[in-house]
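A short worksheet on the structure shown next.
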Amino acid sequence: MSQIRVVQMGLGSIGVELTKLLASRRNLVVVGAVDVDPDKVGKDIGKVAQMSKPLGIPVKASLEEVLQQTPADVLLHTASSSFLTTSDQIKPAVESGISVVSTCEEMAFPWHRHKTAADKLHVLAKKHNATLVGTGVNPGYVMDLLPVALTGPVSGINSVTVTRIVDAGKRRLPLQRKVGAGLSEKEFRDKAADGSIRHVGMEESLALLAYGLGWKLDTITESIEPVISKKMVQTPYLTVQPDEAAGVHQISTGIRNGRTVITLELYMYVGAEDSVDATYIDATPSIDMKIHGGIFGDSATIGMVANTLYSMASAPAGLLTVIDLPTIRLQEG
């Protein structure tokens with residue numbers, strides 16, 4: 001496999017770890033870096049990523065500046081959860097015929113919330129022969145791509161249920177805050193009501209799963225409740241007291257022909273003792289799969305994104321989903 005030249009856009013914790021992984025792969029090479037943080041601009045990306053040696057690549061403040069100076073094959077975007085924001089950020093790459101892999105949760109299946117904008121980006125990508133996809137571990141794998149893959153040997157599916165239990169105490173501080181750890185129940189409910197507390201991408205996962213099965217849904221519903229801690233739980237970043245919110249219990253359902261056919265249930269809270277990723281497919285034959293201990297989100301996202309780069313090479317142009325790509329797998333080569 002020939003080398004894939006990658007520009008890394010966004011040097012938060014995920015972007016930094018991706019940079020380290022890309023630098024360790026023989027068939028992937030970092031050729032440019034973008035971040036708006038003035039403390040990072042101008043510094044070598046190897047230094048920003050705290051690697052053992054510099055990579056000779058200074059971080060630039062704009063994507064346009066990088067693309068004017070550096071030939072690239074793929075933009076690796078880890079800078080936003082919003083599809084509309086991401087579309088604006090990656091547009092210079094698309095117009096330059098550069099493919100994009102993004103961790104933007106809404107981009108996993110952007111037609112769910114932003115059909116007009118998604119169709120417009122799809123047309124632009126086809127015009128410039130660029131392939132675009134949003135991916136990660138959730139959405140992008142655990143609650144959508146994996147369940148779809150598990151349906152390979154079955155027929156006559158009645159329903160799909162996916163349950164994910166995650167100990168948020170082992171994750172990064174931004175995620176612990178995103179799930180409301182340490183808030184009072186009232187604070188949690190207020191923030192859940194305005195959308196600032198939730199797992200972004202749950203409905204996108206459900207819509208992507210339905211798309212993979214060829215199901216047209218009547219409607220998608222979602223509910224968010226706090227998981228209230230019964231004891232004090234301390235993480236490296238914060239402390240949750242008894243009767244405070246430890247995290248979220250989030251459920252999305254897909255209704256088809258008046259019946260619930262997809263249920264996605266997420267428990268993401270600090271102090272969860274039995275992390276698991278479980279999929280049950282009521283079909284012929286039924287499938288009952290459990291990954292005990294669960295798939296650790298941060299490292300799995302990094303692996304999923306890096307491995308998606310390989311599948312992009314043989315994919316058609318346009319705005320795609322992970323289900324549309326050739327099998328995503330590790331290809332160290």
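The values are calculated or read from the model by the stated rules, or taken from the named source; none is laboratory data. Since we're looking at a predicted model, the values are computed, not measured. Positions of Cβ are backbone-derived with ideal geometry, glycine not excepted, and every protein chain shown enters the neighbour counts.
A few notes on this one:
- In the stretch 257-276, the residues that are assigned to a loop (DSSP other than H, G, I, E, B) reach residues that are at pLDDT 95 or above and among the polar types (S, T, N, Q) with C-beta atoms within less than 8 angstrom, at least six apart or across chains, in these pairs: 270/229; 271/229.
- In the stretch 22-81, the residues that are among the hydroxyl-bearing types (Ser, Thr, Tyr), under 18 Å from residue 5 (Cβ atoms) and without any contact (Cβ under 8 Å) to a residue 40 or more places away in the chain: 24
- If the condition is being modelled with pLDDT of 95 or more, under 21 Å from residue 173 (Cβ atoms) and touching a helix residue (DSSP H, G or I) at 6+ places or on another chain (Cβ under 7 Å), then the stretch 234-259 contributes 245, 247, 250.
- Number of the condition not met by residue 88 [criteria: (1) in contact (Cβ under 8 Å) with a residue 12 or more places away in the chain; (2) charged (D, E, K, R); (3) closer than 22 Å to residue 122 by Cβ]: (1)
- Residues of the stretch 213-231 that are touching a residue at least 24 places away in the same chain (Cβ under 8 Å) and closer than 17 Å to residue 243 by Cα: 225, 226, 227, 228, 229, 231.
- For the stretch 165-201, the tally of residues that are crowded, with 24+ Cβ neighbours inside 10 Å and either in a helix (DSSP H, G or I) or without any contact (Cβ under 8 Å) to a residue 12 or more places away in the chain (or both) stands at 3.
- Here is the figure for the stretch 125-147: residues that are surrounded by fewer than 18 Cβ atoms within 10 Å (Cβ to Cβ) and not basic (Lys, Arg) total 2.
- Residue in the stretch 270-290 that is farthest from residue 260 (Cα to Cα), counting only those that are surrounded by fewer than 18 Cβ atoms within 10 Å (Cβ to Cβ) and touching a Leu at 6+ places or on another chain (Cβ under 9 Å): 289
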